[in-house]
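Written below as structure tokens is the structure these notes are about.
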Amino acid sequence: MAGLAAAAPVAADSRGFRRKPGLAAWLVLAPLLAWLVLFIVVPTIMLVVVSFAERDALGRVVYQFSFDNYVRAFNWVWLKVLWDSIWYAFLTTVICMLVGYPVAFFIGRAPERWRGILLMLVMVPFWTSFLIRTYAWITILSKEGLVNSLLMSSGLISAPITLLYTPFAIVLGLVYNFLPFMILPIYTSVEKLDGAMIEAAYDLGARPMRAFAQVIIPLTSPGITAGALLVFIPSICMFAITTLMGGGANPTIGEVIFKQFTSGRNQPFGAALGTLLLVLFVVALWFTRNSREEE
């Protein structure tokens, strides 16, 4: 009987944890749910519906069910644009990871009195518009810009070289603008890193590189994964940076979608490309989640 009496509170507590949320909880969540419905669910449904529509001679949307937009989207021209966008995003993610991980690790292991200052230096670019930062790079990379002037004055080149409106300029602009999104999640994981685990690896005979590869990297992998997603996904569809620094010579999928909704006056085809891009993001998130669960 005593055992049953002792188990009763445990069972009651278990039932308490499983109880349904009350009215107060739903009222607290109501603003968030309304925001999700109005600005995510509804626009997504509208995007999918328009993607199956057609346009008339004047560019107006005609809601007539058709797969023509998706058939056109799988043309090799648009697939190449999508592949180029994925390639730029992949390069941006890798470079941000190679540059951002040492920075995040240094900040995370720095004395606490310095961490706030170092994080503020990382966040300084966010204090100005990304358009201003992008135009600054356009000035630096132009033929009369700082880079060409320094190279010519040092005698390394005799004539200005083309740096702007190239894939190099696109990747550089993406890396510069998205690097903080890689540093901050990794910093969060490094800050929580248990130093005793590293010391234990050293005590067991692990060299620094082996301890880094088999202890530090696995323990900070959540931050790496989060940073990679925060950089890779927006890099694919970013059109402002690629338009300004690519000059239209190296179009990306985000730039194509933007033009379809504006100058191209072909909203159904732009919606189809956007829907395919959304499916790609969902697959990437699903793959990342499954990989984390397997670990």
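May I ask you to list the residues in the range 242-270 that are part of a helix (DSSP H, G or I) and farther than 12 Å from Ser85 by Cβ?
Scanning the range 242-270 gives Thr243, Leu244, Met245, Phe258, Lys259, Gln260, Phe261, Gln267, Pro268, Phe269, Gly270.
Run down Leu204, Leu150 and say which single residue is modelled with pLDDT of 90 or more, surrounded by fewer than 16 Cβ atoms within 10 Å (Cβ to Cβ), more than 25 Å from Trp286 (Cα to Cα) and out of contact with any strand residue (DSSP E or B) (no Cβ under 8 Å at 6 or more places or on another chain).
The match here is Leu150.
Could you look through the range 67-85, keep only residues that are within 18 Å of Pro234 (Cα to Cα) and touching a residue at least 60 places away in the same chain (Cβ under 8 Å), and pick out the one that is surrounded by the most Cβ atoms within 10 Å (Cβ to Cβ)?
If we take residues in the range 67-85 being within 18 Å of Pro234 (Cα to Cα) and touching a residue at least 60 places away in the same chain (Cβ under 8 Å), then Ser85 is surrounded by the most Cβ atoms within 10 Å (Cβ to Cβ).
Go through the range 209-227 and count every residue that is crowded, with 22+ Cβ neighbours inside 10 Å and not hydroxyl-bearing (Ser, Thr, Tyr).
2
Given (1) touching a residue at least 12 places away in the same chain (Cβ under 8 Å); (2) touching a Phe, Trp or Tyr at 6+ places or on another chain (Cβ under 9 Å); (3) closer than 29 Å to Leu278 by Cα, where does Gln64 come up short, assuming only one miss?
Unmet for Gln64, out of (1) touching a residue at least 12 places away in the same chain (Cβ under 8 Å); (2) touching a Phe, Trp or Tyr at 6+ places or on another chain (Cβ under 9 Å); (3) closer than 29 Å to Leu278 by Cα: (1).
Would you confirm whether any residue within the range 69-84 is among the β-branched types (Val, Ile, Thr), in a helix (DSSP H, G or I), within 21 Å of the chain's Cα centre (by Cα) and within 28 Å of Leu184 (Cα to Cα)?
no
Which of the residues belonging to the range 236-295 are over 15 Å from the mean Cα position of the chain (by Cα), of a type in the set (Gly, Ala, Ser), closer than 25 Å to Val48 by Cα and buried (at least 18 other Cβ atoms within 10 Å of the Cβ)?
Scanning the range 236-295 gives Gly270, Ala271, Ala272, Gly274.
The values are calculated or read from the model by the stated rules, or taken from the named source; none is laboratory data. Quantities reported herein were computed from a predicted structural model and do not represent experimental measurements. Neighbour counts run over all protein chains shown; Cβ positions are idealised from the backbone, glycine included.
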